[in-house]
């Protein structure tokens, strides 16, 4: 995490770009963008010391809507690009934006290994249980009976529980947030950034275009009835038994982040030649 | 500089074979070190069966008093510590009536395929001899024997063994020294091979101080570091793993880092991320990995992020022949990205050049904000050779960077050179989003025809306009016949041309180092006056030949001479092409 600014405090507005989002009116991602900038302001990070990294999908358009350094890469690989960036540049605050298709389907393997590797990243997944950018196909978190052109009558497949997987794979911080509560979400993102290691924040972010029924989420979500735990077994029981609508930090540990020492060695490349010399 | 010479009369080729655990590779490596210690040049090619451990293995060595870059057409000596499955190497170890085989009678007779070639056979009971010296091993007998037959001084054998066995303690050293001594003495009882006898007059003593013993994979790793690389993301794959294993301890020494990724999709995206962060970055892979990486290499093209991908080519397609060489990734390196995606492709043409070409690739990638693919191959990568150290060209990463607070900063600004200043995260006032989406000059996504056209032009022109200097190819010799080749075929082509020259046939060599972007003007100049062009490569479909036909106006008659791996391109087969065509 980079050092807070010394001069006049930055407002959330200072982290916004002048570029107009392509999202549909009413999309939950607008609120998530606002939570990003609120969290950055809360932490008073310099915009140039933040990198927002993403893959492909509606949620992955976020970087250019911020005034931070952005990286909009290829589908599913945001965590890899972000890990490379953070390992090479440990001085930066690196936040990764993804969605349920980008993060859990095509990027599923990187999700596992990012949790396991525990690089100091904050991974925010805007989950709306649908591929929005390609106009309405089922994702790993889509209900098995959800009807679509690509899966008439539903996929018949059980849904993927990303929080359980994050826990099993070794994520250091696991939270669920709701886009309809931008202030609460900003708090969670700020805490995720503040917590060293790999922090995973799943945000329920309604897709009003392809999943209009998700408008009801605001009636269904509730603060998690218990405070966060450091006990992985307890966290697993809670996450596996809740209905997916408990909001808040659900697990927080203190595993040491993975950060090999960049920039420490002082030898000149020619010093390496000795091993080849006869 | 003409490197034409006839090396065939002054080199000796030795194959040491045996089943896994026989210590073939150890004996071969030590023999190479003995030759180096004695002042010779040489190389050792590794060949083994598909088993992880325990399969048949062959150390293929060639020595000379001048640098050697390829295997010879034939072997003078074949030593079989045992003959288990060694018949599988019949094509890789050509013997003739002048060759001699030495085998252990307790391990059976030499394979029929070798006997049929008329090579003479001498017996030496490696196992019994080793048994008689407690604590020694048959491969040390073989080492001594090979050194004796090659005419290497016993003092060099002892010096190398003493250095190598230092860790094992006194008894182990004494036993194996004695074994090597016994093998060396036994060489006197092996019937002399005529060509061999003439060569035993080699004198040791050339200075060793300024020479290296190095593999192409180590060389490529070192070239990357020399060029300024300080970050590597790695996923293991045969035969590229040693590049990564060399970089793992080397990078931290110079202030860098290597991280192991979960797959090649991750490794290449990691280096796009680290390079976006301003740190020159590399990864190394082979064909299957390169296939997986193509999408992210395209991202590096579009987002203009410099990265270097070292592709150590092996037999393909698909899993192919992982541990053996083939130049069959030319197509994917040149064309394997979707969209109109200009990229740099650089091919080293010797083991020492793996240092220089990789260093140059880093320099070019950084200067041009472009991905660069380095086309090495298994032959270079896993062959260990005595080389003259390649000079440091001083070519290091020099990226054009935006300065803080640049007024109205546009990441993808249209400039005369096509290169626009790149803002590095942490720089105030120049934040932008690097994007694989087509974009305008500011970097904001755009699907408009004008922006697309301008950015396509920009990315194409920055590569096309750059002055690559003399390094785009090695040009040697003269004549109306030109051999155009690249990579590991270069050594064999060079030797073939030397033989032809000795017979009065003049020919020129064009060994391409820069495969992409194409250099039509340079090639036209290099081939001016040529009436016959022979394109030599080690693959099945003539991938380089087709590329040259597409990109260049080649003069006169053009022929393709090619065969796939794993058999190496040998001097004699190119020599035959040259002489037959010259006489027709």
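Go through the stretch A:30-63 and report how many residues are at the interface with chain B (Cβ under 8 Å from one of its Cβ atoms) and over 16 Å from the mean Cα position of the chain (by Cα).
Counting residues in the stretch A:30-63 that are at the interface with chain B (Cβ under 8 Å from one of its Cβ atoms) and over 16 Å from the mean Cα position of the chain (by Cα) gives 4.
Residues in the stretch A:88-109: is at least one within 12 Å of chain B (Cβ to nearest Cβ), assigned to a helix (DSSP H, G or I) and under 14 Å from the mean Cα position of the chain (by Cα)?
yes
Please enumerate the residues belonging to the stretch B:88-115 that are surrounded by fewer than 18 Cβ atoms within 10 Å (Cβ to Cβ) and under 22 Å from residue B:141 (Cα atoms).
Correct list: B:105, B:106, B:108, B:109.
Could you tell me whether residue B:38 is away from every other protein chain (no Cβ under 14 Å) and either touching a helix residue (DSSP H, G or I) at 6+ places or on another chain (Cβ under 6 Å) or in contact (Cβ under 8 Å) with a residue 40 or more places away in the chain (or both)? If you could, list the steps in order and put the result at the bottom.
On the way: away from every other protein chain (no Cβ under 14 Å): no; either touching a helix residue (DSSP H, G or I) at 6+ places or on another chain (Cβ under 6 Å) or in contact (Cβ under 8 Å) with a residue 40 or more places away in the chain (or both): yes.
Against the criterion (away from every other protein chain (no Cβ under 14 Å) and either touching a helix residue (DSSP H, G or I) at 6+ places or on another chain (Cβ under 6 Å) or in contact (Cβ under 8 Å) with a residue 40 or more places away in the chain (or both)), residue B:38 does not qualify.
Quick one: which residue in B:240, B:233 is more than 10 Å from chain A (Cβ to nearest Cβ), buried (at least 24 other Cβ atoms within 10 Å of the Cβ) and under 22 Å from the mean Cα position of the chain (by Cα)?
Sole residue among the options that is more than 10 Å from chain A (Cβ to nearest Cβ), buried (at least 24 other Cβ atoms within 10 Å of the Cβ) and under 22 Å from the mean Cα position of the chain (by Cα): B:240.
Within the stretch B:566-584, restricting attention to residues that are within 26 Å of residue B:312 (Cβ to Cβ) and touching a strand residue (DSSP E or B) at 6+ places or on another chain (Cβ under 9 Å), which residue is surrounded by the fewest Cβ atoms within 10 Å (Cβ to Cβ)?
In this case the residue turns out to be B:573.
Restricting to the stretch B:211-230, name every residue that is in a helix (DSSP H, G or I) and either more than 8 Å from chain A (Cβ to nearest Cβ) or within 24 Å of residue B:320 (Cα to Cα) (or both).
Of everything in the stretch B:211-230, those that are in a helix (DSSP H, G or I) and either more than 8 Å from chain A (Cβ to nearest Cβ) or within 24 Å of residue B:320 (Cα to Cα) (or both) turn out to be B:216, B:217, B:218, B:219, B:220, B:221, B:223, B:224, B:227.
Only residues that are closer than 28 Å to residue B:75 by Cβ and surrounded by 22 or more Cβ atoms within 10 Å (Cβ to Cβ): list them for the stretch B:540-565, please.
Scanning the stretch B:540-565 gives a single hit, B:565.
Can we say residue B:492 is more than 22 Å from the chain's Cα centre (by Cα), at pLDDT 95 or above and either buried (at least 19 other Cβ atoms within 10 Å of the Cβ) or outside the structural domain of residue B:314 (by TED's automatic domain parsing) (or both)?
In short, no.
If you go through the stretch B:531-538 one residue at a time, do you hit one that is modelled with pLDDT of 95 or more, surrounded by fewer than 21 Cβ atoms within 10 Å (Cβ to Cβ) and more than 30 Å from residue B:462 (Cβ to Cβ)?
Yes, some residue in the stretch B:531-538 is modelled with pLDDT of 95 or more, surrounded by fewer than 21 Cβ atoms within 10 Å (Cβ to Cβ) and more than 30 Å from residue B:462 (Cβ to Cβ).
Of all the residues that make up the stretch B:53-82, how many are buried (at least 21 other Cβ atoms within 10 Å of the Cβ) and over 24 Å from residue B:38 (Cβ atoms)?
4
Pick from the stretch B:327-353 the residues that are assigned to a loop (DSSP other than H, G, I, E, B) and within 11 Å of the chain's Cα centre (by Cα): which of them is farthest from residue B:536 (Cα to Cα)? I'd like the intermediate steps shown before the answer.
Of the residues in the stretch B:327-353, the ones assigned to a loop (DSSP other than H, G, I, E, B) are B:327-329, B:336-343, B:347-352.
Within this subset, residues satisfying the condition of being within 11 Å of the chain's Cα centre (by Cα) are B:327, B:347-352.
Values: B:327: 11, B:347: 14, B:348: 15, B:349: 13, B:350: 16, B:351: 19, B:352: 21 Å.
The residue in question is B:352.
Could you grab me the full set of residues in the stretch B:458-474 that are over 15 Å from residue B:347 (Cβ atoms) and either in contact with a helix residue (DSSP H, G or I) (Cβ under 7 Å, 6 or more places away or on another chain) or in contact (Cβ under 8 Å) with a residue 12 or more places away in the chain (or both)?
Residues satisfying the conditions are B:458, B:459, B:460, B:461, B:462, B:463, B:464, B:465, B:466.
Can you give me the number of residues within the stretch B:316-357 that are surrounded by 24 or more Cβ atoms within 10 Å (Cβ to Cβ) and either free of Cβ contacts under 8 Å to residues at least 60 places away in the same chain or outside the structural domain of residue B:247 (by TED's automatic domain parsing) (or both)?
Total meeting the criteria: 1.
Could you grab me the full set of residues in the stretch A:160-182 that are more than 21 Å from residue A:221 (Cβ to Cβ) and over 16 Å from the mean Cα position of the chain (by Cα)?
Within the stretch A:160-182, A:168 is the sole residue that qualifies.
For (1) assigned to a strand (DSSP E or B); (2) touching a helix residue (DSSP H, G or I) at 6+ places or on another chain (Cβ under 7 Å); (3) more than 24 Å from residue A:85 (Cα to Cα), each residue gets a yes or a no:
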position	(1), (2), (3)
B:407	no, no, yes
B:410	no, no, no
B:414	no, yes, yes
B:419	no, yes, no
B:427	no, yes, no
B:443	no, no, no
B:451	no, no, yes
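For the stretch A:228-273, give me each residue that is at the interface with chain B (Cβ under 10 Å from one of its Cβ atoms) and part of a helix (DSSP H, G or I).
Residues satisfying the conditions are A:269, A:270, A:271, A:272, A:273.
For the stretch B:263-277, give me the residue count where each residue is facing chain A (nearest Cβ under 7 Å) and under 19 Å from residue B:367 (Cα atoms). I'd like the intermediate steps shown before the answer.
Going through the stretch B:263-277, the residues facing chain A (nearest Cβ under 7 Å) turn out to be B:263, B:265-266, B:269-274, B:276-277.
Still in the running and under 19 Å from residue B:367 (Cα atoms): B:271-274, B:276-277.
Number satisfying all stated conditions: 6.
In the stretch A:145-159, is there at least one residue being under 17 Å from the mean Cα position of the chain (by Cα), surrounded by fewer than 24 Cβ atoms within 10 Å (Cβ to Cβ), at pLDDT 95 or above and more than 8 Å from chain B (Cβ to nearest Cβ)?
Checked against the condition, which is being under 17 Å from the mean Cα position of the chain (by Cα), surrounded by fewer than 24 Cβ atoms within 10 Å (Cβ to Cβ), at pLDDT 95 or above and more than 8 Å from chain B (Cβ to nearest Cβ), the stretch A:145-159 yields no hits at all.
Any residue in the stretch B:407-423 that is under 30 Å from residue A:49 (Cα atoms), modelled with pLDDT under 95 and not assigned by TED's automatic domain parsing to the domain that holds residue B:283? Give the steps one after another, and end with the answer.
Filtering the stretch B:407-423 down to residues under 30 Å from residue A:49 (Cα atoms) leaves B:407-415, B:417-423.
Subsequent filtering for residues that are modelled with pLDDT under 95 retains B:407-408.
Checking the rest, the ones that are also not assigned by TED's automatic domain parsing to the domain that holds residue B:283 come to B:407-408.
There is at least one residue in the stretch B:407-423 that is under 30 Å from residue A:49 (Cα atoms), modelled with pLDDT under 95 and not assigned by TED's automatic domain parsing to the domain that holds residue B:283.
One line per residue, one yes/no per condition, for (1) within 14 Å of another protein chain (Cβ to nearest Cβ); (2) touching a strand residue (DSSP E or B) at 6+ places or on another chain (Cβ under 9 Å); (3) farther than 22 Å from residue B:274 by Cβ; (4) surrounded by 15 or more Cβ atoms within 10 Å (Cβ to Cβ):
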{"site": "B:413", "(1), (2), (3), (4)": "no, no, yes, yes"}
{"site": "B:416", "(1), (2), (3), (4)": "no, no, yes, no"}
{"site": "B:419", "(1), (2), (3), (4)": "no, no, no, yes"}
{"site": "B:425", "(1), (2), (3), (4)": "yes, yes, no, yes"}
{"site": "B:437", "(1), (2), (3), (4)": "yes, yes, no, yes"}
{"site": "B:440", "(1), (2), (3), (4)": "yes, no, yes, yes"}
{"site": "B:445", "(1), (2), (3), (4)": "yes, yes, yes, yes"}
{"site": "B:451", "(1), (2), (3), (4)": "no, yes, yes, yes"}
{"site": "B:458", "(1), (2), (3), (4)": "no, no, yes, yes"}
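Taking the conditions exactly as written (under 30 Å from residue B:100 (Cβ atoms), over 27 Å from the mean Cα position of the chain (by Cα), surrounded by 24 or more Cβ atoms within 10 Å (Cβ to Cβ) and modelled with pLDDT of 95 or more), does residue B:180 satisfy them or not?
yes
Kindly provide the set of residues from the stretch A:13-29 that are away from chain B (no Cβ under 14 Å), assigned to a loop (DSSP other than H, G, I, E, B) and over 18 Å from the mean Cα position of the chain (by Cα), ordered by number.
Going through the stretch A:13-29, the residues away from chain B (no Cβ under 14 Å) turn out to be A:13, A:24-29.
Add one more test, that the residue is assigned to a loop (DSSP other than H, G, I, E, B), and what stays is A:24-27.
Answer for the stretch A:13-29, where residues must be away from chain B (no Cβ under 14 Å), assigned to a loop (DSSP other than H, G, I, E, B) and over 18 Å from the mean Cα position of the chain (by Cα): A:24, A:25, A:26.
Inspect all residues belonging to the stretch A:69-85 and state whether any of them is more than 9 Å from chain B (Cβ to nearest Cβ) and assigned to a helix (DSSP H, G or I).
No, every residue in the stretch A:69-85 fails to be more than 9 Å from chain B (Cβ to nearest Cβ) and assigned to a helix (DSSP H, G or I).
The values are calculated or read from the model by the stated rules, or taken from the named source; none is laboratory data. As the structure is a prediction and not an experimental result, all values here were calculated from the model. Note: ideal-geometry Cβ built from the backbone for every residue, glycine included; neighbour counts use all protein chains shown.
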